[in-house]
Every structure is written in structure tokens, then in C-alpha cells.
1. Hey, what does the equivalent ellipsoid look like for the stretch 1-127, semi-axes from the Cα gyration tensor as sqrt of 5 times each eigenvalue, largest first, whole Å?
2. Is the stretch 15-84 rounded, prolate or oblate when judged by the Cα gyration tensor, a ≥ b ≥ c being the square roots of its eigenvalues, rounded requiring a/c under 1.5 and prolate requiring a/b larger than b/c?
3. For Phe116, Phe292, Phe22, what ranking results if the residue with the fewest other Cβ atoms within 10 Å of its Cβ goes first?
4. Pairs of alpha-carbon atoms within less than 8 angstrom and 6+ residues apart define the contacts here; what relative contact order does the stretch 79-230 have, in percent?
5. Shape call for the chain from the C-alpha gyration tensor, a ≥ b ≥ c root eigenvalues: rounded (a/c under 1.5), prolate (a/b greater than b/c) or oblate?
6. Using a simple charge model, +1 on the beta-carbon of Lys and Arg, -1 on the beta-carbon of Asp and Glu, nothing else, what dipole does the stretch 160-362 show about its Cα centre, in debye to the nearest 20?
7. With 10 angstrom as the radius, rank Leu49, Leu214, Leu227 by how many other C-beta atoms surround their C-beta, starting from the fewest.
8. Cα atoms only, the stretch 160-362: Rg and Dmax in Å?
Amino acid sequence: MAVKSPDAVASAVAVDAALQGFFADRRADAEAIGPGFAAAVAELEGYVLRGGKRVRPAFAWTGWIGAGGDASGPAAEAVLRCCTALELLHASALIHDDIIDASLTRRGFPAAHVTFADRHRAGRWSGDPDAFGTGAAILVGDLAQAWADDMVHMSGLPADAKARVMPVWSAIRTEVLGGQLLDLTAEASGDENIDSALRVNRYKTASYTVERPLHIGAAIAGADPGLVAAYRTFGVNVGIAFQLRDDLLGVFGDPAVTGKPSGDDLREGKRTVLLATALERADVNDPAGAEFVRAKIGTDISDDELGTIRAVITATGAVDHIERDIARRTDRALTVLRASSATTEAKDQLAAMAISATQRVS
């Protein structure tokens with residue numbers, strides 16, 4: 001792939017091209033294993049390529065540029081491949097997350113486990129279609145993570161850059177799984193602690209969405225410790241703000257825009273910062289409202305009940321509080337970024353990305 005400019009390489013189109021090339025290289029191996037496996041790989045390819053903002057590769061690439069990476073240099077294509085591996089890691093997390101949450105859709109399409117279950121039904125195969133769908137999606141999610149590792153190892157990075165990246169790559173995989181387990185535990189235990197919800201946000205979202213992708217870019221470039229620290233502070237704050245926005249969209253978002261049913265977070269029993277904040281305040285000012293919300297969280301909430309829960313949450317001032325926290329964290333991130341040694345070009349791009357990530361509507 002010809003590398004012409006930072007914007008061209010960092011674009012979703014360039015990332016998609018790298019993903020298409022990777023899947024094309026794996027197609028023959030998949031077909032050699034068997035038609036069932038080849039069909040599953042084709043489903044994974046479609047899943048990865050049909051949507052997504054490519055946020056994580058963009059942060060990693062921009063982190064590299066900001067630490068002195070040369071978009072026109074000989075290492076650029078290898079850097080792009082390494083950054084693109086984050087999309088396969090993301091796909092793995094989404095596929096498994098939808099199984100855990102029993103979500104039926106993703107980006108306006110059936111979730112992976114639903115697709116595999118539907119394939120079972122269409123073929124009139126033996127056994128339980130839903131069990132097959134879950135098992136197949138788990139394996140395909142595992143494959144996405146394994147291939148993400150392969151994409152990093154086979155990216156073509158120089159040996160010294162690869163040696164710097166591998167500890168960060170190990171950390172991002174560990175942290176996203178740790179965050180997912182913390183999230184699962186919080187839901188099962190009914191944990192209403194705001195700090196617990198923030199910890200989930202830090203490791204399930206902020207780490208692998210912004211903080212560690214930037215760290216990966218910095219590691220490839222051999223950035224100094226000061227810039228790495230600034231990137232990580234920026235990443236934690238933008239990443240948590242990104243998740244706080246997601247929490248709001250999960251309750252108040254428009255399904256036509258988000259691609260997921262409104263109120264799904266409440267039906268799934270997610271213990272978000274928004275919910276924890278609302279319950280803490282409602283316990284003082286609206287005990288009956290707090291009791292109603294607690295009784296309905298994690299159940300098949302009707303549209304009328306969802307309206308009531310939204311009203312309770314809004315009346316506590318929790319929505320306004322979360323909006324202020326998003327703004328506060330975004331401002332903190334931008335202040336640290338401006339004071340860092342990142343290139344001017346990267347500062348401008350990262351500032352724009354921070355605003356986009358924290359003010360989005362989907």
C-alpha cells in the first residue's frame with residue numbers, strides 16, 4: 001500500500017484495506033481446514049468490515065505521528081498493520097460482550113451469536129441452535145484475538161520497535177479482559193459503588209480504546225517517558241469520558257442512530273456510573289423512585305417503565321452531573337495534551353478526536 005499522508009493512512013479506508021489484505025492472506029488456510037471453518041471466517045470478516053469508526057487504530061497511529069513517526073517513511077506500512085490489529089482485538093471483545101450481555105444486535109445487524117444460531121436453524125441442523133450460536137461465536141471471538149496477535153507479530157515492525165510494543169500489547173489484552181470480568185461481577189453482585197463503575201470504565205473501555213492505543217504508537221516511535229505519561233493521562237480521561245457518553249446513550253440514545261435498542265443497558269443490568277450516581281441521589285431525594293429503578297434493573301423493561309426510569313434518573317440531576325464530568329475530563333485531557341511534547345499536527349488531531357469521541361451521538 002502506498003503511503004502518502006498521515007490523514008490517508010489513518011483513515012478508516014486505509015485500516016479497512018489492511019484488514020481486507022489480512023483476511024485475504026488467511027483465506028486459503030481457512031479453506032484448507034474445512035468449509036465450516038471457512039464460512040465462520042467469512043462471517044468474522046464481514047463482521048469486522050461492515051461497521052465501526054476505527055477509533056483505536058486512529059489513536060495508535062496518531063500517537064506514533066505525535067512521537068515523531070514519519071508517515072512517508074519506510075516503517076509506515078508496518079506501523080499501520082500493527083495499529084490495525086486493534087480492530088481485531090476490538091471485534092473479539094464485542095463478540096464476547098454481546099454473548100455475555102445477551103445482546104441481539106450490534107451496529108444495526110444481528111450479533112454474531114445470533115447470526116450463527118440463525119444459520120443452524122436455516123440448515124435444520126441437530127441440537128440447540130442458540131447453544132450452537134453461542135459456542136461458534138465464542139470460538140470466532142477467540143480467533144479474532146489470536147489473529148490480532150498474529151497481525152502484530154507479522155506487522156513487519158523493526159525488532160527494536162516490536163520489543164517496545166509487546167509489553168504494551170500484553171497489557172491491553174489483560175486489561176480489557178480484566179475490565180470485562182469486573183463488569184460481569186458488578187452486574188451479578190449488584191454493586192452500586194461509583195468507584196467500582198469507574199474502575200470498570202478505566203479497564204474495560206479507556207485502556208483499550210484510547211490510553212493503550214496511544215501508548216502503542218508512542219512505544220513504536222520510542223517516545224520519551226514524559227510523552228508516554230502525557231498520552232496515558234490524556235487517554236484515561238478521554239476514554240472514561242467516552243464511556244460516560246456511552247452510558248448516557250445506553251439509556252437515552254436513539255436506536256436509529258446507535259444501532260442498539262434504547263434502554264438495553266438497563267435491561268442487561270449494567271452497573272454504570274450514571275446508574276450508580278442516580279441511585280445514590282435518589283436514595284436521599286426520591287426513595288420510591290430508587291426502589292422502582294432497583295426493582296426493574298436487569299429485567300425485561302417495558303417502554304412505559306423505561307420512561308419512568310429515565311424520569312427518575314433525570315430528576316436526580318445525574319444526567320447533568322455526568323455531562324459536567326465528561327466536560328471536566330475532556331478539558332483535563334486537552335490541557336495535558338497541550339503541555340506535552342507531541343507534534344503540533346498530532347495535538348490538533350488528538351484534540352479533534354477527543355471532542356468527537358466524547359460528544360458523539362452513536
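1. Numbers: eigenvalues 212, 59, 20 Å².
Each semi-axis is √(5λ); the values are 33, 17, 10 Å.
2. prolate
3. Details: Phe116 24, Phe292 16, Phe22 21.
So the residues, fewest neighbours to most, are Phe292, Phe22, Phe116.
4. Values: 150 pairs, mean separation 38.9, N = 152.
Contact order relative to length: 26 percent.
5. Numbers: a/c = 2.22, a/b = 1.18, b/c = 1.88.
It is oblate, given that a/c is not under 1.5 and a/b is not larger than b/c.
6. Computed about the Cα centre, the dipole is about 880 debye.
7. The most exposed by this proxy come first: Leu49, Leu227, Leu214.
8. Just the Cα atoms of the stretch 160-362 yield Rg and Dmax of 18.3, 60 Å.
Where a number appears in this text, it was derived from the coordinates with a stated rule and is not lab data. Bear in mind that the values here come from a model prediction, so they are computed numbers and not experimental data. All Cβ positions, glycine included, derive from the backbone under ideal geometry; neighbour counts span all protein chains shown.
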